[in-house]
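S.K.: Below is a structure I'd like to ask you about.
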Amino acid sequence: MRINSAIQAAIDLTAGAAGGTACVVTGQPFDTAKVKMQTFPDMYKGLVDCFVKTYKQVGFRGFYQGTTPALVANIAENSVLFMCYGFCQQIVRRIVGVDRKTKLSDLQNAAAGSFASAFATLVLCPTELVKCRLQAMHEMQLSGKIIQGHNTVWSVVKGVIQKDGPLGFYRGLSSTLLREVPGYFFFFGGYELSRTFFASGRSKDELGPIPLLLSGGFGGSCLWIAVYPVDCVKSRIQVLSMAGKQTGFMGTFVTVVRTEGVLALYSGLKPTMIRAFLANGALFLAYEYSRKLMMKQVDSY
């Protein structure tokens, strides 16, 4: 049975939402440590120190600050990302002049993922700004950059609207685009390349959960290795703009390199890589299995 484009898009969107949920549930504590270490590298000696201090100062809930916007961000991003991924695969097929049922190469799938990420960025940037600010609120108060923190989603949202208006949610948009577009080329490229390796001539659709987990983890690792300095700059812009006007991407990048050195751009890399492997493995496992389940349900009618 041939599934029409609207049903296929709905399946991809729903499967992407399932993957985004799995990603957040698995990786949120490591993402929180990443944002804290990126924004305030002098406060923490490393991942363990960040975990210990966060637990002592805020408690276990400190690891899950920003979980609500993180869930919204990941569900929204991955829903749009995987829905657009299907459309962009068709666009790539038209560009290279092949039939819509033809399997794309790993490189062509990587290009489709890169195109799709540009659309996902538009829904990701506002929710990620709220998430990052909540995650680093305690450090902003400790450093004296703000007097009183807003520790709820609504208070952060209200503060952005009052201070900067609706466009304030798009602080760091250029940085997010610079991260997402090349990053998702490596993300989908790494994932598809790894699946090809595990398939060894068989159909990729026959792969079990372990190869899918490992392939998703490999794809996530490729993404973050490629674009981590850009993400570090993005986090600084989104968090530090709470205290006043923050320079753009190039201004922030140059300031960090001049005052703190190149290595400051890699603060928080360790929790990011742990999270990347675990969370993206869970993301693709949830996406692939929920997508297969829905496709079977549709085919049965």
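S.K.: Restricting to the stretch 181-191, name every residue that is open to solvent by 50 Å² or more (accessible area, probe 1.4 Å) and aromatic (Phe, Trp, Tyr).
M.R.: Scanning the stretch 181-191 gives PHE185, PHE186.
S.K.: When you look at ASP31, is it open to solvent by 40 Å² or more (accessible area, probe 1.4 Å) and either in contact with a His (Cβ under 6 Å, 6 or more places away or on another chain) or not small (Gly, Ala, Ser) (or both), yes or no?
M.R.: The answer is no for ASP31.
S.K.: Give the residue that is nearest to the chain's Cα centre (by Cα), with candidates limited to residues of the stretch 192-218 that are open to solvent by 10 Å² or more (accessible area, probe 1.4 Å) and among the small types (Gly, Ala, Ser).
M.R.: SER194
S.K.: Then there is this: For LEU278, indicate whether it is open to solvent by less than 30 Å² (accessible area, probe 1.4 Å) and within 23 Å of GLY16 (Cβ to Cβ).
M.R.: It is false that LEU278 is open to solvent by less than 30 Å² (accessible area, probe 1.4 Å) and within 23 Å of GLY16 (Cβ to Cβ).
S.K.: Would you mind finding the one in SER221, SER235, SER267, SER241 that is free of Cβ contacts under 8 Å to residues at least 60 places away in the same chain and either more than 30 Å from ILE7 (Cα to Cα) or open to solvent by 60 Å² or more (accessible area, probe 1.4 Å) (or both)?
M.R.: SER221
S.K.: While we're looking at this one, here's another question. Would you be able to say whether some residue in the stretch 113-136 is open to solvent by 20 Å² or more (accessible area, probe 1.4 Å), small (Gly, Ala, Ser) and under 22 Å from GLY20 (Cβ atoms)?
M.R.: Yes, the conditions are met somewhere in the stretch 113-136.
S.K.: Residues in the stretch 173-180: is at least one part of a helix (DSSP H, G or I), in contact with a helix residue (DSSP H, G or I) (Cβ under 9 Å, 6 or more places away or on another chain), of a type in the set (A, V, I, L, M) and open to solvent by less than 70 Å² (accessible area, probe 1.4 Å)?
M.R.: The answer is yes; a qualifying residue exists.
S.K.: On to the next question. Filter the stretch 57-98 down to residues that are without any contact (Cβ under 8 Å) to a residue 12 or more places away in the chain and β-branched (Val, Ile, Thr) and give me whichever is least open to solvent (accessible area, probe 1.4 Å).
M.R.: Of everything passing the filter in the stretch 57-98, VAL98 is least open to solvent (accessible area, probe 1.4 Å).
S.K.: Right, here's the next one. Pairs, please: C-beta under 7 Å, at least 6 apart or cross-chain, first residue part of a loop (DSSP other than H, G, I, E, B) and in the stretch 153-172, second of a type outside the set (Gly, Ala, Ser) and open to solvent by less than 90 Å² (accessible area, probe 1.4 Å)?
M.R.: Close Cβ pairs (under 7 Å, with a partner that is of a type outside the set (Gly, Ala, Ser) and open to solvent by less than 90 Å² (accessible area, probe 1.4 Å)) amount to ARG171/LEU129; ARG171/ILE237; ARG171/GLN238; GLY172/CYS125; GLY172/LEU129; GLY172/LYS234; GLY172/ILE237; GLY172/GLN238.
S.K.: Further, regarding this structure: Condition check: within 29 Å of TYR44 (Cα to Cα), under 13 Å from the mean Cα position of the chain (by Cα) and crowded, with 17+ Cβ neighbours inside 10 Å. Does GLU139 satisfy that?
M.R.: For GLU139, the condition - within 29 Å of TYR44 (Cα to Cα), under 13 Å from the mean Cα position of the chain (by Cα) and crowded, with 17+ Cβ neighbours inside 10 Å - is not met.
S.K.: Give the residue, chosen from VAL72, VAL92, that is assigned to a helix (DSSP H, G or I), over 23 Å from the mean Cα position of the chain (by Cα) and aliphatic (A, V, I, L, M).
M.R.: Testing whether each residue is assigned to a helix (DSSP H, G or I), over 23 Å from the mean Cα position of the chain (by Cα) and aliphatic (A, V, I, L, M) leaves just VAL92.
The values are calculated or read from the model by the stated rules, or taken from the named source; none is laboratory data. Because the structure is predicted, anything quoted here is derived from the model rather than measured. Backbone-built Cβ (ideal geometry, glycine too); neighbour counts: all protein chains shown. For the accessible areas, the whole protein counts, side chains as well, though only heavy atoms, and no ligand, DNA or RNA atoms are used. Shrake-Rupley method; radii C 1.70, N 1.55, O 1.52, S 1.80 Å.
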